[in-house]
Ligand code: PLP
């Protein structure tokens, strides 16, 4: 998908996932809970999907709860925790997705323990340890695996070990990690959220992994679907398409295209800054503070040239103020307004990255620089 560099917002449906969806809407549309053979066939396929997700993560099938996506999963984990442990508190990092931060504030208000990040955007493990030790009443840590705006990977394995030492449960929002990096170890957490449309599946589908220790987990209430964990008729076509996408998701560890783009821009433009540039990051993501020009101008001009990038998180669109993620990393509001997020699909070629670099340098030449810079680098 040439020109599309907003994969952290969403991804196009993989052809194989589309085929699975179409087959399911035509042939397996019955309600999987209905009491006749056609419905039983859907039910059996739904359970196969559960087993396939379980084997992808290395957890028991009973741990897999299908839902509508990560916003629902994140909200449901926090709502459940508030119900079962009302007198304890939750710790979150300052850079969590709004579906964690807003729900933490809604359920715990000012009692939410917000752990700061360092200037590279990684949770301060020393502060986490200190809060666990001094507070004594933190019973859940909710930490994302990879940040949607900067791509910075959190040291979630270390944080998990720390939480275990303090007998706290752990929720990992793995929405941006899944499909981009191997899933090893994620299922060690008590709760893991995932979202289909971030890895080539349809929108409005996702899953939550719930460890056996919390077999009484309930998300939305009503019928007894999903082993009584989440009410509502399962969206089997979306679920089967999601599972196909999950199994096909290219776990592409190469950051070469992304790093070449950064190198090319660094030599052509003065003073670019890469947020989280010294931290491990998702290989597809670059959060770039440009020397001049509002990010909205860059986005519009790139759009006119056929490139889709973002000013930050799609979920923050329409919200006032600079990104809370960049602010937590020490960015000034002015720096945040000069920042764009570039996030590639797994099949982006080095030519796609080079074309984007050329377009950005053209834009710079046009409007923001003293003189033409394009001759500075060879693309
Ligand atoms: N968590 C993270 C880290 C995300 O990036 C997103 C979406 O951008 C979500 C949660 C919400 O996902 P969904 O679109 O499935 O509700």
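Rule-based calculations on the coordinates, nothing more; no lab input. Since we're looking at a predicted model, the values are computed, not measured. Don't worry about glycine lacking a Cβ; one is built from the backbone with ideal geometry, like all the others, and counts go over all protein chains shown.
For this structure, a couple of remarks:
- Residues 274, 115, sorted so that the one with the fewest Cβ neighbours within 10 Å comes first: 274, 115
- As a ratio to 2.2 N^0.38 Å, the alpha-carbon radius of gyration computed for the stretch 28-70 takes the value 1.26.
- Each Cα pair under 8 Å and six or more residues apart adds its sequence gap; the mean of these over the residue count of the stretch 47-108 is a relative contact order of 29 percent.
- The chain - percent relative contact order, Cα under 8 Å, separation 6 or more: 23 percent
- Each of 259, 303, 26 was scored by other Cβ atoms within 10 Å of its Cβ. Arranged with the fewest first, they read 26, 303, 259.
- Highest-fluctuation residue, 52, 281, 37 considered, GNM on the chain with Cα pairs under 10 Å: 37
- Spatial separation of Cα centroids for the stretch 1-69 and the stretch 261-289, in angstrom: 36 Å
- Over 19 Å [Cα-Cα, the stretch 89-176], rounded percent: 29 percent
- Just so you know, the Cα atoms of the stretch 128-170 work out to an Rg and Dmax of 11.2, 32 Å.
- Only alpha carbons enter this Debye calculation for the stretch 63-135, each as an equal point scatterer, and the log10 of I(q)/I(0) it gives at q = 0.24, 0.28 Å⁻¹ is -1.13, -1.26.
- Per residue, the convex hull volume that the Cα atoms of the stretch 170-324 enclose (Å³): 170 Å³
- Percent of Cα-Cα distances greater than 22 Å, calculated over the stretch 1-112: 57 percent
- Normalised Debye scattering of the stretch 95-139 at q = 0.21 Å⁻¹ gives log10 I(q)/I(0) of -0.80, counting only Cα atoms as equal scatterers and leaving out solvent.
- Whole-number percent relative contact order across the stretch 155-274, with pairs defined as alpha carbons under 8 Å at least 6 apart: 21 percent
- Efficiency of FRET from Cβ geometry, residue 25 and residue 125, R₀ 51 Å, rounded to 0.05: 0.65
- Note on residue 134 and residue 247: the model spin-label points, each 7 Å out from Cα along the C-beta direction, lie 5.1 nm apart.
- Dividing the Cα radius of gyration of the stretch 1-42 by 2.2 N^0.38 Å, with N the residue count, gives 1.73.
- Projecting the alpha carbon convex hull of the chain along each direction and taking the average yields 18.6 nm².
- Ratio Rg/Rh, restricted to the stretch 245-302 and using Cα atoms, in which Rh is the Kirkwood radius: 1.05
- According to the Cα-based calculation, Rg over Rh for the stretch 74-115 is 0.91, with Rh computed by the Kirkwood formula.
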